[in-house]
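Everything below concerns the one structure shown next.
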Amino acid sequence: MIMVDVEGSLEAIAGRPAVAQAAEQGARLVDLWPLTNAEHLANDAKYAEDLQVRISMVLAQLMTGEDVTIPDAEYVYEGAEDIPGRPQDLVDALMAANDAIEAAAQAQEDQSKMLAGLAATLGSGWDQARQQDMAAGVAKAEQSVDDQGTSPKSPQDNEGVARALATSLMICRDLLQRAGADPDHAAAAAPILVYVNELNERLGIPRAFLSGEDVVQALGLLDDPEAFADLLAPLAGAEWDHHRQEVLWDPEEAKRKAKEDDERKSREALQAKFAHVPEDPNKPPVEL
């Protein structure tokens with residue numbers, strides 16, 4: 001009976017318009033794989049580095065409650081262990097965030113142990129009762145991943161991506177509730193955000209990005225699964241569009257478009273400058 005309810009909830013979330021729209025965006029991205037173009041591969045590697053910088057920034061914001069910036073996160077990602085003029089606890093949080101992201105990406109161990117390790121690294125250590133509850137949540141999540149893997153729908157099509165995204169959203173919401181995360185205790189969300197992004201990879205959908213403000217807003221919607229999905233799905237879709245654009249970025253095409261834009265703006269400025277000059281009906285036309 002419980003499995004029927006879970007399946008029904010999954011279909012309800014997967015059928016939300018916001019999830020369906022994000023699924024289209026995700027399907028366009030995953031359809032690019034496997035990447036074979038060297039430039040696309042390099043672009044994707046650069047995107048992955050940028051994503052880790054942005055995620056580490058958000059994790060540090062959640063952990064410290066401080067205003068962490070992209071330059072802060074970039075310095076630490078590049079190896080800095082202190083930043084002149086910046087609080088050391090902020091730098092330590094960024095180092096811990098990078099350690100957690102990299103550990104999760106390489107983890108081959110039991111997933112509940114991995115999540116507990118993330119919580120310890122990110123300063124969200126749980127007592128024994130919380131660890132047991134989180135382990136039960138991870139076991140439930142793993143069953144959902146197994147169920148998704150046996151779906152006849154390919155993750156590459158819209159419906160397959162929608163089901164995978166719905167599964168990810170349901171797991172994320174369940175674990176956030178079990179962790180006791182809420183808008184006043186946003187730091188408790190940090191390890192789950194890392195875990196769920198790795199889970200997305202296993203579900204066949206790309207990683208996503210949430211800002212600190214997005215996380216706090218989502219934590220206020222944990223009691224409403226549809227509102228939770230309606231908030232997060234478009235954010236995932238927007239990130240997937242950004243990822244696709246970054247992979248397909250062509251520097252030569254970008255230069256050409258920039259040159260065209262500069263020429264267009266020059267023409268418009270020149271036309272505006274002489275807009276007040278009356279036209280001479282006898283003057284031959286001049287192309288600007």
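Could you say which residue among 74, 81, 66 is assigned to a loop (DSSP other than H, G, I, E, B), touching a helix residue (DSSP H, G or I) at 6+ places or on another chain (Cβ under 8 Å) and surrounded by 13 or more Cβ atoms within 10 Å (Cβ to Cβ)?
That would be 66, the only listed residue that is assigned to a loop (DSSP other than H, G, I, E, B), touching a helix residue (DSSP H, G or I) at 6+ places or on another chain (Cβ under 8 Å) and surrounded by 13 or more Cβ atoms within 10 Å (Cβ to Cβ).
Which one is surrounded by the fewest Cβ atoms within 10 Å (Cβ to Cβ), of the residues in region 103-113 that are in contact (Cβ under 8 Å) with a residue 12 or more places away in the chain and under 20 Å from the mean Cα position of the chain (by Cα)?
Residue satisfying both the conditions and the ranking: 105.
Of these, 261, 280, which one is modelled with pLDDT under 95 and part of a helix (DSSP H, G or I)?
Being modelled with pLDDT under 95 and part of a helix (DSSP H, G or I) holds for just one of 261, 280, which is 261.
Which condition number in (1) among the β-branched types (Val, Ile, Thr); (2) without any contact (Cβ under 8 Å) to a residue 24 or more places away in the chain; (3) under 30 Å from residue 15 (Cα atoms) is the one that residue 91 fails?
Unmet for residue 91, out of (1) among the β-branched types (Val, Ile, Thr); (2) without any contact (Cβ under 8 Å) to a residue 24 or more places away in the chain; (3) under 30 Å from residue 15 (Cα atoms): (3).
Taking the residues in region 24-59 that are in a helix (DSSP H, G or I) and acidic (Asp, Glu) as candidates, determine which candidate is most open to solvent (accessible area, probe 1.4 Å). So that I can check it myself, show each step before the final result.
So in region 24-59, the residues in a helix (DSSP H, G or I) come out as 24-30, 38-59.
From the residues that got through so far, the ones that are acidic (Asp, Glu) too are 24, 39, 44, 49-50.
Details: 24: 76, 39: 77, 44: 35, 49: 92, 50: 60 Å².
Per the stated criteria, the residue is 49.
Every residue in region 120-136 that is touching a residue at least 40 places away in the same chain (Cβ under 8 Å) and over 23 Å from residue 99 (Cβ atoms), please.
Listed by number, the residues that qualify are 133, 136.
Does at least one position in region 75-95 carry a residue that is modelled with pLDDT of 95 or more and under 16 Å from the mean Cα position of the chain (by Cα)?
No.
So which residues in region 189-245 are open to solvent by less than 30 Å² (accessible area, probe 1.4 Å) and aromatic (Phe, Trp, Tyr), if there are any at all?
Result: 195, 228, 240.
Consider residue 89 carefully, then state whether it is over 30 Å from residue 133 (Cβ atoms) and either assigned to a loop (DSSP other than H, G, I, E, B) or not β-branched (Val, Ile, Thr) (or both).
Judged against the criteria, residue 89 is not a match.
Search region 29-51 for residues that are within 17 Å of residue 209 (Cβ to Cβ) and modelled with pLDDT of 95 or more and pair each with any residue that is among the aromatic types (Phe, Trp, Tyr) and open to solvent by less than 90 Å² (accessible area, probe 1.4 Å) when their beta-carbon atoms are under 7 Å apart and the residues are at least 6 apart or on different chains.
Listed pairs, sorted by first residue: 29/240; 51/209.
Failed condition for residue 137, given (1) out of contact with any Asp or Glu (no Cβ under 9 Å at 6 or more places or on another chain); (2) in a helix (DSSP H, G or I), with all others met?
(1)
For region 125-142, name all the residues that are exposed (fewer than 15 other Cβ atoms within 10 Å of the Cβ) and either among the hydroxyl-bearing types (Ser, Thr, Tyr) or under 12 Å from residue 111 (Cα atoms) (or both).
Result: 136, 139.
Residues of region 218-258 being in contact (Cβ under 8 Å) with a residue 60 or more places away in the chain, of a type in the set (Gly, Ala, Ser) and over 20 Å from residue 12 (Cα atoms), which ones?
Selection gives 238 alone.
The values are calculated or read from the model by the stated rules, or taken from the named source; none is laboratory data. Please read all numbers here as calculations on a predicted model, not as lab measurements. Note that each Cβ is placed from the backbone with ideal geometry, even for glycine, and that neighbours are counted across all protein chains shown. Ligands, DNA and RNA are stripped out before the accessible areas are found, and what is left, the full protein with its side chains, is counted by its heavy atoms. Shrake-Rupley method; radii C 1.70, N 1.55, O 1.52, S 1.80 Å.
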